[in-house]
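Trainee: Provided herewith is a single structure, encoded as structure tokens, for subsequent inquiry.
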Amino acid sequence: MKEIDYISMQHQGLTHVSKHLEFLDGERANLVSMLESNKGSRSGCLRSLRSHADASALVSWFGNSDLAALKQWSYVSAKLQMMLFQLEPKTWYPAYLLLMPLLSDHEGLIQWFAHNDEMFDTSRADDPATAEFHGYQALLAIRGEWGALEDRCHRVIGHSPQKMKKYEIDHNFYLALSQHDVSAMKIVLDELTSPRIAKVRNVEPAFGFTEKLIATHAVIYAKIAWRHGFCIDIETPWIPAAWLPIDPLPQYVAPYNFMK
């Protein structure tokens, strides 16, 4: 399998995100004004500001190597996502929406997302054939509900419908996590970030900002493992090692009055 030229891809990814950030910076004052004066589409404005925060977080790290700014902007993104959920309750949410809460290391927000399972339709969250099943695994993993997580992994591994086959590797990680098997977790993360898997899993519709910078699901899983004290040694640029230690900022700032 041909190796991926990560340096070139990272440059492309940073250029792409920086261009979006430049545009969103120009829109930001107007978006905030509309939110604070209750004009326009509240959900649309929140989504645009969340995109601005996402882009700011990624540029902070990949452009400036500023870990504190990455965590601060990840907090802003996660808080805006929480506000979106409160404004427009959903029936479920995919695991990748946990990226920014986890990167922020803000415990209150992480716990809000991890225990927000009332959004899930229980019957679908318990059905291995659904995307909701996959999304709910992440909540159990963050909460450390090992028995339930292990049982669900055994139910899905080897029994996934064709459209969900590519996610069996994720359940292999969850199984290793539930069994506290660090070497098995590392094997799965190495596979998720391998050229064969990365070229498929890094490129999903929701990963427009991250697809050329990180392996989104692999970063999420590594952060969850570190949260539980399993300090997996990562040797891939697709999972920035500096992101993994759990080290909250002394203070997080809500930059907009409507967030306070």
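Trainee: Within the set of other residues whose C-beta is less than 15 Å from the C-beta of S104, count the net charge using Lys and Arg as +1 and Asp and Glu as -1.
Mentor: For residues surrounding S104, the net value is 0.
Trainee: What percent of all Cα-Cα pairs in the stretch 176-256 falls into each 10 Å bin, going from 0 up to the bin containing the maximum distance?
Mentor: 17, 44, 29, 9, 1
Trainee: If you don't mind, there's one more thing I want to ask. When a footprinting reagent is the concern and you count Cβ atoms within 10 Å, what order do T210, T130 take, fewest first?
Mentor: Details: T210 21, T130 17.
Fewest to most other Cβ atoms nearby, the residues stand as T130, T210.
Trainee: Right, something else. Could you pull the Cα extents of the chain along its three principal axes, largest to smallest, in whole Å?
Mentor: Cα extents, longest axis first: 52, 42, 36 Å.
Trainee: Further, regarding this structure: If you take the beta carbon distance between D190 and S37 as r and set R0 to 41 Å, what does 1/(1 + (r/R0)^6) give as a FRET efficiency, to the nearest 0.05?
Mentor: Values: r = 50 Å, r/R0 = 1.23.
The computed FRET efficiency comes out at 0.20.
Trainee: Let me ask something else about it. Modelling each spin label as a point 7 Å along the Cα-to-Cβ direction, I'd like the H159/V182 distance in nm, to one decimal.
Mentor: Once both label points are built, they end up 3.2 nm from each other.
Trainee: When N counts the residues of the stretch 43-107, how does its alpha-carbon radius of gyration compare numerically with 2.2 N^0.38 Å, as a ratio?
Mentor: Relative to the rule-of-thumb radius for its length, the stretch 43-107 sits at 1.10.
Trainee: Helix 6-36 sits at what angle to the longest principal axis of the chain, using alpha carbons and giving 0 to 90 degrees rounded to 10?
Mentor: 50 degrees
Trainee: Taking 28 Å as the cut-off for C-alpha to C-alpha distance, list the pairs among K186/K260; K71/K165; K19/K186; K163/K186; K79/K186 that go past it.
Mentor: Pairs exceeding 28 Å: K186/K260; K71/K165; K19/K186; K79/K186.
Trainee: Also, I was wondering about something else. Compute the long axis of helix 42-62 from its Cα atoms, compare it with the longest principal axis of the Cα atoms of the chain, and write down the angle in degrees, 0 to 90, nearest 10.
Mentor: Between helix and principal axis, roughly 70 degrees.
Trainee: Does the stretch 1-147 come out rounded, prolate or oblate by the C-alpha gyration tensor, with a ≥ b ≥ c the root eigenvalues, rounded set by a/c under 1.5 and, if not, prolate when a/b is larger than b/c and oblate if not?
Mentor: It comes out oblate by the Cα gyration axes.
Trainee: In addition: Please work out whether the stretch 135-200 counts as rounded, prolate or oblate from its C-alpha gyration tensor, where a ≥ b ≥ c are the square roots of the eigenvalues and a/c under 1.5 means rounded, while otherwise a/b larger than b/c means prolate and anything else oblate?
Mentor: Since a/c reaches 1.5 but b/c is at least a/b, the shape of the stretch 135-200 is classed as oblate.
Trainee: Compute the length gained on full extension between E204 and L249: take 0.36 nm times their separation in residues and subtract their Cα-Cα distance, giving the result in nm to one decimal.
Mentor: 13.2 nm
Trainee: So, one more: Take the alpha-carbon centre of the stretch 41-64, take the same for the stretch 170-214, and report the distance between them in whole Å.
Mentor: 24 Å
Trainee: Using θ = phi - 60° and the Karplus form 6.51 cos²θ - 1.76 cosθ + 1.60, what ³J(HN,Hα) does each residue of the stretch 99-105 get, whole Hz, x for Gly and Pro?
Mentor: With coefficients 6.51, -1.76 and 1.60, one gets 4, 5, x, 5, 5, 5, 6 Hz.
Trainee: Set the Förster distance to 22 Å, then compute FRET efficiency between A29 and F85 from the Cβ-Cβ distance, nearest 0.05.
Mentor: Values: r = 25 Å, r/R0 = 1.14.
With R0 = 22 Å, the Cβ-Cβ based efficiency is 0.30.
Trainee: Turning to a different aspect of this structure: Of F230, F133, how do they rank once you tally other Cβ atoms within 10 Å and put the fewest first?
Mentor: Ascending Cβ contact count within 10 Å gives the list F230, F133.
Trainee: At 0.36 nm per residue, minus the direct Cα-Cα distance, what do D126 and A241 gain on full extension? Give it in nm, one decimal, please.
Mentor: Taking D126 through A241 to full extension adds about 38.1 nm, to one decimal.
Trainee: Near P245, within a Cβ-to-Cβ distance under 13 Å, what is the net charge of the other residues, with Lys and Arg +1 and Asp and Glu -1? Provide the component values of the computation, followed by the final result.
Mentor: On the way: positive: K71, K223, R227; negative: D105, D233, D247.
Net charge in that neighbourhood comes out at 0.
A short reminder: the numbers here are calculations on the coordinates, not readings from a lab. The model shown is predicted, which means the values in this text are computed figures rather than measured ones. Reconstructed Cβ throughout: ideal geometry from the backbone, glycine too, with neighbour counts over all protein chains shown.
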